[in-house]
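S.K.: Questions regarding the structure given below will be posed in turn.
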Amino acid sequence: MYFVMSRMKFMNTEIDNLTMSEALQTIDQMVQHSHGAYVVTPNVDHIVQLEKNAELQKAYAHAALILTDGKPLIWISKFYKRPIKEKISGSDLFPELCKLAAKKGYRMFFLGAAEGVAAKAAVILQREYPGLQVCGTYSPPYGFEKDSQEIEKIKKMIQGAAPDILIVALGAPKQEKFMYAYCETLGVPVSLGLGASLDFAAGNIKRAPKWMADHGLEWLFRITQDPKRMAKRYLVDDRKILGLMLKYRKQK
Ligand code: UDP
């Protein structure tokens, strides 16, 4: 498969160095041939968390596909003179996946976001991509990951719906930990951890204008939308990326 050929070391993780179209072809292959595979999309925030979070590291180590989300990581790869081909944001990948699923008849399940958001995203996307089969949606209550009954309920729901593609939109590291823990048992061919993608699709959160995303300013836009939460993430936590950039510079 494509992704085996494309792996390279990058900072504290590995990356599959693919274009958007190669990534989609790989996911298409996985839908047809895999069982319990999952995809992670590292951004600056994940790289910073990966440095210290052993559970996230474990989840990353078992990911079938690792796609780079966000311009800053592309810049760092250029600085290292081992450029990553293309930024593949979860929120750009998601509509492309819906298009692919509609064309090929793949069934999708949306898990995550606040109550009602996953269902709203399904309605909007099915209108946008005629033929798209969303076989189930569920936005679990906060704290669900510590509630074994809730976990069982989610597992039954997904297994009953039998999707080909599962979208897990719980934010990092919750979505990666969920996929690591349950993808194997769920047996869905491929799952993807896609952060705020359901919110974007439902129109709950506005996406940054394309020029801002293209210039690596998505973080600035997101601070304006949710100052309390995003300012801490982008201005305090993610500043550590500069030190990490230097730390991993010499890596082969
Ligand atoms: N979320 C959730 N359950 C939780 C924690 C988060 O469904 O227990 C959702 C939240 O509603 C949002 C997404 O996970 O839709 C996280 O978005 P975030 O902004 O962290 O994503 P990213 O910036 O990584 O795309």
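S.K.: Kindly list, by first and then second residue, each pair from a residue in region 69-85 that is within 24 Å of Leu220 (Cα to Cα) to a residue that is at pLDDT below 95, limited to pairs with Cβ atoms under 6 Å and residues at least 6 apart or on different chains.
M.R.: Partner pairs satisfying both residue conditions: Asp69/Ser89; Asp69/Gly90; Lys71/Gly216; Pro72/Gly216.
S.K.: In the list Leu244, Leu194, Leu217, Leu186, which residue meets the criterion of being of a type outside the set (D, E, K, R), within 25 Å of Glu51 (Cα to Cα), modelled with pLDDT of 95 or more and more than 12 Å from the ligand (Cβ to nearest atom)?
M.R.: Details: Leu194 fails: more than 12 Å from the ligand (Cβ to nearest atom); Leu217 fails: modelled with pLDDT of 95 or more; Leu186 fails: within 25 Å of Glu51 (Cα to Cα).
None of the others qualify; the one that does is Leu244.
S.K.: If a residue must be outside any loop (DSSP other than H, G, I, E, B) and of a type outside the set (A, V, I, L, M), how many such residues does region 196-219 contain?
M.R.: Matching residues across region 196-219 total 8.
S.K.: On to the next question. From the list Ile241, Ile165, pick out the single residue that is crowded, with 17+ Cβ neighbours inside 10 Å, over 19 Å from the mean Cα position of the chain (by Cα) and among the hydrophobic types (A, V, I, L, M, F, W, C).
M.R.: Values: Ile165 fails: over 19 Å from the mean Cα position of the chain (by Cα).
Going through Ile241, Ile165 in turn, just one is crowded, with 17+ Cβ neighbours inside 10 Å, over 19 Å from the mean Cα position of the chain (by Cα) and among the hydrophobic types (A, V, I, L, M, F, W, C): Ile241.
S.K.: Yes or no: region 163-173 includes at least one residue that is closer than 23 Å to Ser89 by Cα, more than 10 Å from the ligand (Cβ to nearest atom), out of contact with any Leu (no Cβ under 8 Å at 6 or more places or on another chain) and modelled with pLDDT of 95 or more.
M.R.: Yes - at least one qualifying residue is present in region 163-173.
S.K.: Scanning for something of a type in the set (Lys, Arg) and either in contact with a Phe, Trp or Tyr (Cβ under 8 Å, 6 or more places away or on another chain) or surrounded by fewer than 18 Cβ atoms within 10 Å (Cβ to Cβ) (or both), does region 210-218 turn up at least one residue?
M.R.: Yes.
S.K.: Would you point out the residue of region 62-76, among those that are out of contact with any strand residue (DSSP E or B) (no Cβ under 9 Å at 6 or more places or on another chain) and of a type in the set (A, V, I, L, M, F, W, C), that is surrounded by the fewest Cβ atoms within 10 Å (Cβ to Cβ)?
M.R.: Trp75
S.K.: Taking region 150-162, which residues are within 12 Å of the ligand (Cβ to nearest atom) and in contact (Cβ under 8 Å) with a residue 40 or more places away in the chain?
M.R.: The first filter runs over region 150-162 and keeps only residues within 12 Å of the ligand (Cβ to nearest atom), leaving 150, 154.
The one that is within 12 Å of the ligand (Cβ to nearest atom) and in contact (Cβ under 8 Å) with a residue 40 or more places away in the chain: Ile154.
S.K.: Quick check on my filter: what residues within region 28-79 are among the basic types (Lys, Arg) and out of contact with any His (no Cβ under 8 Å at 6 or more places or on another chain)?
M.R.: Within region 28-79, Lys52, Lys58, Lys78 qualify.
S.K.: Can you find even one residue in region 90-99 that is small (Gly, Ala, Ser), free of Cβ contacts under 8 Å to residues at least 24 places away in the same chain and surrounded by 18 or more Cβ atoms within 10 Å (Cβ to Cβ)?
M.R.: Within region 90-99, none of the residues are small (Gly, Ala, Ser), free of Cβ contacts under 8 Å to residues at least 24 places away in the same chain and surrounded by 18 or more Cβ atoms within 10 Å (Cβ to Cβ).
S.K.: Separate question: I want to confirm something. Restricting to region 123-149 and keeping residues that are of a type in the set (A, V, I, L, M) and in contact (Cβ under 8 Å) with a residue 12 or more places away in the chain, which single residue is farthest from the ligand (Cβ to nearest atom)?
M.R.: Only one residue tops the list, namely Leu132.
The values are calculated or read from the model by the stated rules, or taken from the named source; none is laboratory data. Since we're looking at a predicted model, the values are computed, not measured. Neighbour counts are summed over all protein chains in view; Cβ atoms, including those assigned to glycine, are modelled from backbone coordinates with ideal geometry.
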